[in-house]
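J.: Structure below; questions to follow.
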Amino acid sequence: MQQDLLQRARDIRLAVFDVDGVLTDGRLYFLTDGSEFKTFNTLDGHGIKMLINSGVRTAIISGRKTPVVERRAQNLGIQHLYQGREDKLVVLDELLAELGLNYAEVAYLGDDLPDLPVMRRVGLGMAVASADAFVRQHAHGVTRARGGEGAAREFCELILHAQGNLAAAQSAYL
């Protein structure tokens, strides 16, 4: 792992995730009755649970709003959920004020242009491998995995590793 990413990940107290293209593959599925469904990766979900168990807070900030994301956040134990919020930096500022944290203590995983203002401000701003090329260019790092295919797990394990908690999280299953 790059030393710079590990250094940035050491002080993270809050991990924030976009949804479409990050926790999912970015495709939108609409049924004939107008309802929507998404597919999520269980590896990503378990990575988020391990991160939460290590004491790192988690949040989702998404420009779209759907009950499926609310249900997924509840299932994973994600503490803070913001949907239907286009200006993600405004949302992050509200959350940081509530939690008493600063930008250096935040990691963000995104994939598209609306994520850039947050990614460029936080201590660790990463893009998934399938992110827009311009976004990848301006991220601190890029996951090897694509959105919805293990990128969030990789992001979580980077933070866990940097904070010395990955081995303990994994060995709990031995």
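J.: With the condition kept exactly as written, say whether any residue in the range 114-124 is open to solvent by less than 10 Å² (accessible area, probe 1.4 Å), out of contact with any strand residue (DSSP E or B) (no Cβ under 9 Å at 6 or more places or on another chain) and under 18 Å from Leu5 (Cα atoms).
T.: Step one: filter the range 114-124 for residues open to solvent by less than 10 Å² (accessible area, probe 1.4 Å), giving 115, 118-119, 122, 124.
Okay, now just the ones that are also out of contact with any strand residue (DSSP E or B) (no Cβ under 9 Å at 6 or more places or on another chain), so none.
Within the range 114-124, none of the residues are open to solvent by less than 10 Å² (accessible area, probe 1.4 Å), out of contact with any strand residue (DSSP E or B) (no Cβ under 9 Å at 6 or more places or on another chain) and under 18 Å from Leu5 (Cα atoms).
J.: On the given criteria, is Tyr82 assigned to a strand (DSSP E or B), of a type in the set (Ser, Thr, Tyr), touching a residue at least 12 places away in the same chain (Cβ under 8 Å) and under 19 Å from Leu158 (Cα atoms)? Talk me through it step by step, then tell me what you get.
T.: Working: assigned to a strand (DSSP E or B): yes; of a type in the set (Ser, Thr, Tyr): yes; touching a residue at least 12 places away in the same chain (Cβ under 8 Å): yes; under 19 Å from Leu158 (Cα atoms): no.
So Tyr82 fails the test.
J.: Also, I was wondering about something else. Take the conditions surrounded by 12 or more Cβ atoms within 10 Å (Cβ to Cβ), over 15 Å from the mean Cα position of the chain (by Cα) and among the hydrophobic types (A, V, I, L, M, F, W, C) and apply them to Leu6. Does it pass? Before the answer, list the steps.
T.: On the way: surrounded by 12 or more Cβ atoms within 10 Å (Cβ to Cβ): yes; over 15 Å from the mean Cα position of the chain (by Cα): yes; among the hydrophobic types (A, V, I, L, M, F, W, C): yes.
For Leu6, the condition - surrounded by 12 or more Cβ atoms within 10 Å (Cβ to Cβ), over 15 Å from the mean Cα position of the chain (by Cα) and among the hydrophobic types (A, V, I, L, M, F, W, C) - is met.
J.: In the range 118-167, how many are assigned to a helix (DSSP H, G or I) and either touching a residue at least 60 places away in the same chain (Cβ under 8 Å) or closer than 14 Å to Gly47 by Cβ (or both)?
T.: Kept after step one, since they are assigned to a helix (DSSP H, G or I), are these residues of the range 118-167: 118-121, 133-138, 151-162, 166-167.
When the remaining residues are screened for being either touching a residue at least 60 places away in the same chain (Cβ under 8 Å) or closer than 14 Å to Gly47 by Cβ (or both), the result is 118, 151-162, 166.
Qualifying residue count, the range 118-167: 14.
J.: Continuing with the same structure: Could you please find all residues in the range 47-68 being over 13 Å from the mean Cα position of the chain (by Cα), open to solvent by 40 Å² or more (accessible area, probe 1.4 Å) and either small (Gly, Ala, Ser) or at pLDDT 95 or above (or both)?
T.: Correct list: Asn53, Ser54, Gly55.
J.: I've got another one for you. Of all residues being in contact (Cβ under 8 Å) with a residue 40 or more places away in the chain and in a helix (DSSP H, G or I) in the range 100-117, which is nearest to Asp11 (Cα to Cα)? Just the residue, please. Lay out the reasoning, then the answer.
T.: Start the filter on the range 100-117 by keeping residues that are in contact (Cβ under 8 Å) with a residue 40 or more places away in the chain, which leaves 101, 104-112, 114-115.
Restricting the remaining residues to those that are in a helix (DSSP H, G or I) gives 104-105, 114-115.
Values: Ala104: 7, Glu105: 5, Pro114: 25, Asp115: 21 Å.
Applying the filter and picking the extreme gives Glu105.
J.: Those residues that are among the aliphatic types (A, V, I, L, M), farther than 18 Å from Thr24 by Cα and touching a helix residue (DSSP H, G or I) at 6+ places or on another chain (Cβ under 6 Å), I need them from the range 140-174; list them, please. I'd like the intermediate steps shown before the answer.
T.: Within the range 140-174, the subset among the aliphatic types (A, V, I, L, M) is 142, 145, 151-152, 158-160, 162, 166-169, 172, 174.
Imposing the further condition that a residue be farther than 18 Å from Thr24 by Cα reduces the set to 158-160, 162, 166-169, 172, 174.
Leu158, Ile159, Leu160, Ala162, Leu166, Ala169, listed by residue number.
J.: Of everything in the range 155-174, what is open to solvent by less than 40 Å² (accessible area, probe 1.4 Å) and not β-branched (Val, Ile, Thr)? Give them in sequence order. Spell out the reasoning first.
T.: Keep residues of the range 155-174 that are open to solvent by less than 40 Å² (accessible area, probe 1.4 Å), which gives 155-156, 158-160, 162, 166, 169.
Phe155, Cys156, Leu158, Leu160, Ala162, Leu166, Ala169 - these are the residues of the range 155-174 that are open to solvent by less than 40 Å² (accessible area, probe 1.4 Å) and not β-branched (Val, Ile, Thr).
J.: Also: Could you list, in sequence order, the residues of the range 21-44 that are touching a residue at least 40 places away in the same chain (Cβ under 8 Å), among the hydrophobic types (A, V, I, L, M, F, W, C) and either touching a strand residue (DSSP E or B) at 6+ places or on another chain (Cβ under 8 Å) or part of a loop (DSSP other than H, G, I, E, B) (or both)?
T.: Let us first name the residues in the range 21-44 that are touching a residue at least 40 places away in the same chain (Cβ under 8 Å), namely 21-26, 39-41, 43-44.
Now drop any that are not among the hydrophobic types (A, V, I, L, M, F, W, C), which leaves 22-23, 40, 43.
Scanning the range 21-44 gives Val22, Leu23, Phe40.
The values are calculated or read from the model by the stated rules, or taken from the named source; none is laboratory data. A quick note: this is a predicted structure, and the numbers were derived from the prediction, not measured. Cβ sites come from the backbone with ideal geometry, for glycine too, and all protein chains shown count toward neighbours. For accessibility, only protein heavy atoms count, side chains too; no ligands or nucleic acids. Shrake-Rupley method; radii C 1.70, N 1.55, O 1.52, S 1.80 Å.
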